[in-house]
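Below is one structure; the comments refer to it alone.
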């Protein structure tokens with residue numbers, strides 16, 4: 001007779017918990033996993049010596065929250081259901097999730113034949129005990145998953161080289177400015193649309209997004225709505241964090257009207273799923289590029305600009321000055337990451353004394369044949385850094401646009417166009433590819449914009 005002894009389960013944690021991780025400071029941070037069914041599970045935190053306990057359910061699932069102190073570490077966490085699991089080298093600080101398509105995925109070392117400016121020095125000097133990194137392995141699923149593949153890593157050159165450049169430069173600036181540990185979670189996939197990154201609850205709010213058939217078979221496309229959320233976001237939902245950054249939109253550029261709704265929709269969706277309030281969320285506007293077919297990508301940039309004021313506690317960083325005509329991946333990733341960091345430092349962390357946005361059109365007035373524009377975020381004026389303003393156009397009631405002569409006037413601009421006697425609309429840099437010329441004196445570019453809503 002063969003007698004099989006019962007297999008004793010032991011504590012297991014999702015990949016988002018591990019050695020070298022960062023927990024969000026000064027909050028009730030959730031920790032969860034599996035253990036022996038119906039067993040008591042204890043969690044002891046070294047920063048205060050406190051023990052927390054809960055009971056695993058009949059399937060072995062358990063979850064509890066621990067109080068985290070002000071930033072510091074390293075600490076340890078011991079989790080036990082009779083058999084201990086110990087997490088070592090745990091830091092307490094600021095946690096950010098970083099997601100999107102290839103411009104978020106692009107590593108500090110660059111893609112093949114596509115460099116990141118200054119990457120070698122950035123990698124060589126990247127060792128920092130106060131920054132931690134984890135990259136979620138690409139995966140798809142029609143149903144929400146409990147775990148993903150990934151591992152928290154220390155911030156050393158060999159790890160930084162392969163980590164998201166935008167995320168790294170964002171985190172590096174935050175860590176330097178705040179002087180606290182920073183944890184960065186990179187969950188991105190090149191070429192993907194926004195719909196796959198939303199949950200089923202999220203996409204059901206938009207009748208133009210199809211709900212996928214969960215019974216479909218065969219290879220699952222990463223463009224299918226919900227499948228990246230299910231596999232690459234859902235397993236960490238509830239993990240305590242400060243906010244998110246996002247770099248995506250190129251793959252949705254032909255559906256710009258829908259994207260204006262989907263961008264705030266994704267943010268609200270994640271906030272609802274996390275259930276920790278309206279956490280901060282900042283995103284990159286896509287850079288100019290010669291797409292060559294389909295809709296003018298300026299319309300997607302406009303959708304992103306409009307979305308940036310649609311709901312509270314979000315913001316957009318602009319890249320009008322670094323786009324490349326023949327490469328969709330701008331090489332100046334440091335500039336983009338740091339512009340996201342300026343948004344976070346000013347609006348999430350309340351730091352003052354610096355600008356965090358480019359000029360934003362405040363008002364247009366017409367005096368005869370002269371158009372006058374005024375701008376917010378131009379307290380110390382506007383500049384072109386010596387370049388001529390060539391990207392302004394004006395139109396009359398016939399909706400035909402002509403190039404205008406633009407002159408800086410303090411915090412505003414004056415436009416004159418001999419071909420338009422009675423101007424009614426203005427467009428700036430409203431083209432697929434363009435190099436922006438208009439900045440505030442703090443060095444931030446103005447987004448492309450228009451004052452009309454005419455069809456092209």
- Task: Please tell me if residue 229 is at pLDDT 95 or above, within 17 Å of residue 91 (Cβ to Cβ), touching a helix residue (DSSP H, G or I) at 6+ places or on another chain (Cβ under 9 Å) and surrounded by 20 or more Cβ atoms within 10 Å (Cβ to Cβ).
- Result: no
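If the requirement is being surrounded by 15 or more Cβ atoms within 10 Å (Cβ to Cβ) and over 21 Å from residue 332 (Cα atoms), which of these qualifies: 216, 175, 223? Walk me through how you get there before you give the answer.
Values: 216 fails: surrounded by 15 or more Cβ atoms within 10 Å (Cβ to Cβ); 175 fails: over 21 Å from residue 332 (Cα atoms).
Matching residue, one of 216, 175, 223: 223.
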- Query: Based on what the data block shows, is residue 299 outside the structural domain of residue 182 (by TED's automatic domain parsing), buried (at least 18 other Cβ atoms within 10 Å of the Cβ) and farther than 30 Å from residue 119 by Cβ?
  - Reply: no
- Cβ pairs under 7 Å, 6+ apart or interchain, first in segment 443-454 and farther than 26 Å from residue 386 by Cα, second part of a loop (DSSP other than H, G, I, E, B), ordered by first then second residue, are 454/399
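When you check residue 275 against the structure, is it surrounded by fewer than 21 Cβ atoms within 10 Å (Cβ to Cβ) and touching a strand residue (DSSP E or B) at 6+ places or on another chain (Cβ under 6 Å), yes or no?
Numbers: surrounded by fewer than 21 Cβ atoms within 10 Å (Cβ to Cβ): yes; touching a strand residue (DSSP E or B) at 6+ places or on another chain (Cβ under 6 Å): no.
Answer is no for this residue.
Can you give me the ranges of the helices (runs of 4 or more DSSP H) entirely in segment 239-355 with at least 1 residues that are at pLDDT 95 or above, farther than 23 Å from residue 96 by Cβ and under 13 Å from the mean Cα position of the chain (by Cα)? Break it down into steps so the answer makes sense when it comes.
Working: elements: 256-274, 298-307, 333-343.
Counting at least 1 such residues, we get no helices (runs of 4 or more DSSP H) at all.
Evaluate the following for residue 333: is it in contact (Cβ under 8 Å) with a residue 24 or more places away in the chain and within 30 Å of residue 281 (Cα to Cα)? First the steps, then the outcome.
Working: in contact (Cβ under 8 Å) with a residue 24 or more places away in the chain: yes; within 30 Å of residue 281 (Cα to Cα): yes.
Yes: the conditions hold for residue 333.
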- Item | Members of segment 111-132 that are in contact with a helix residue (DSSP H, G or I) (Cβ under 6 Å, 6 or more places away or on another chain) and in a strand (DSSP E or B) | 130, 131
- Query: Does segment 211-227 include one or more residues that are under 16 Å from the mean Cα position of the chain (by Cα), on the phi > 0 side of the Ramachandran plot and either assigned by TED's automatic domain parsing to the domain that holds residue 339 or not in a loop (DSSP other than H, G, I, E, B) (or both)?
  - Reply: no
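Can you say whether residue 361 is under 30 Å from residue 25 (Cα atoms) and either in a strand (DSSP E or B) or touching a strand residue (DSSP E or B) at 6+ places or on another chain (Cβ under 8 Å) (or both), as far as the supplied structure shows? Write out each step before concluding.
Values: under 30 Å from residue 25 (Cα atoms): no; either in a strand (DSSP E or B) or touching a strand residue (DSSP E or B) at 6+ places or on another chain (Cβ under 8 Å) (or both): yes.
Taking the combined requirement at face value, the residue does not satisfy it.
The values are calculated or read from the model by the stated rules, or taken from the named source; none is laboratory data. Because the structure is a prediction, the values reported are computed rather than measured. Neighbour counts run over all protein chains shown; Cβ positions are idealised from the backbone, glycine included.
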